[in-house]
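Asker: This is the structure I want to talk about, given as structure tokens.
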Amino acid sequence: MMNIIVAAAEDGAIGRSGDLVFHVRGDMRHFKELTMGHTVVMGRKTFESLPKGALPGRRNIVISRNSGFVADGAEVVTSLEAAFEAAAGTPEREVFIIGGGCIYAAAMPLADRLYITEFKATAPDADTFFPEINAQEWRQEERSEIFTDENSGMNYVFVTYCRRRGEKYISEP
Ligand SMILES: NC(=O)c1ccc[n+]([C@@H]2O[C@H](COP(=O)([O-])OP(=O)(O)OC[C@H]3O[C@@H](n4cnc5c(N)ncnc54)[C@H](OP(=O)(O)O)[C@@H]3O)[C@@H](O)[C@H]2O)c1
């Protein structure tokens, strides 16, 4: 099972100047609960944005074209395909693609499931975006209640999509 996990604003924004667009404690908790014990795959820039380096309790795989890149607590591979090959060595762990924009775009056609945190806000000064979720390819499986961040007052929702496989898509009227 290959999962993508992302937190995105209404306009698809996910990053700004190498950082997240919003820091929401409930979203961080959700991310940790879902990924703990599993394999996380990320681009080199996302790895460098992690405040405490490699994520504890998870197998960390970092993708860089620079095979000499050293990432403490993580394995470095030079392509997405190499990341999947490496992850296949621990089939008991699920794979979570955790960003950023370049890696999401490359992984989207290959993913089975999307875990999206939808922030009910826009981020006009963002510079990194999540690809569009095509309803012909993705079926919404679950949508949580609306949560409110205690610090910012911003609302957000957890949504899960799974890839449509061999099922007929009927567009909504
Ligand atoms: N909201 C969220 O859920 C979320 C999650 C994660 C990240 N983000 C945000 O996203 C932004 C970072 O995203 P980004 O797109 O700039 O960077 P990124 O995807 O994290 O990393 C890009 C780097 O990955 C490597 N890479 C990408 N494609 C590759 C390929 N096909 N083969 C080999 N290596 C490849 C390259 O590393 P080298 O240059 O070393 O070759 C490239 O510079 C930050 O602002 C971060 O905070 C948001």
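Asker: Where Rh is the Kirkwood radius over the Cα pairs of the range 71-173, the temperature 37 °C and the viscosity 0.692 mPa s, what D in µm²/s does Stokes-Einstein return?
Answerer: On the way: Rh = 16.3 Å.
Once the numbers are plugged in, D ends up at 201 µm²/s.
Asker: Using the Cα centre of the chain as the reference point, and only Cβ charges (+1 on K/R, -1 on D/E), how large is the resulting charge dipole? Debye, rounded to the nearest 20.
Answerer: Values: 19 positive and 25 negative charges, 73 e Å.
So the magnitude is around 360 debye.
Asker: Now a separate question. Non-local amide H neighbours of residue 94 (under 5 Å, H modeled in plane, Pro and chain starts lacking H): which ones?
Answerer: 39
Asker: With +1 on the Cβ of every Lys and Arg and -1 on the Cβ of every Asp and Glu, and nothing else charged, how large is the dipole of the range 1-62 about its Cα centre, in debye rounded to the nearest 20?
Answerer: Numbers: 9 positive and 6 negative charges, 67 e Å.
Dipole magnitude for the range 1-62 comes out near 320 debye.
Asker: I want to check a number: in the chain, how many lysine pairs have alpha carbons closer than 28 Å, given a sequence separation of 8 or more or different chains?
Answerer: Working: 32/45; 32/52; 32/120; 45/120; 52/120.
Final tally of qualifying lysine pairs is 5.
Asker: How many angstrom separate the Cα center of the range 1-75 from the Cα center of the range 127-173?
Answerer: Their Cα centres are 19 Å away from one another.
Asker: Express the C-alpha Rg of the chain as a ratio against the empirical globular expectation 2.2 N^0.38 Å, rounded to two decimals.
Answerer: Values: Rg = 16.0 Å, N = 173, 2.2 N^0.38 = 15.6 Å.
The chain yields a ratio of 1.03.
Asker: Given only helices, namely DSSP H runs of n ≥ 4 each adding -39500 (n - 2.57), what is the per-residue ellipticity at 222 nm of the chain, to the nearest 500 deg cm²/dmol?
Answerer: Working: 4 runs with 32 residues, N = 173.
One gets -5000 deg cm²/dmol as the mean residue ellipticity at 222 nm.
No lab work stands behind these numbers, since they all come straight from the coordinates. None of the values given here were measured: they were computed from a predicted structure. Heads up, the Cβs are rebuilt from the backbone with ideal geometry, glycines too, and the neighbour counts pull from every protein chain shown.
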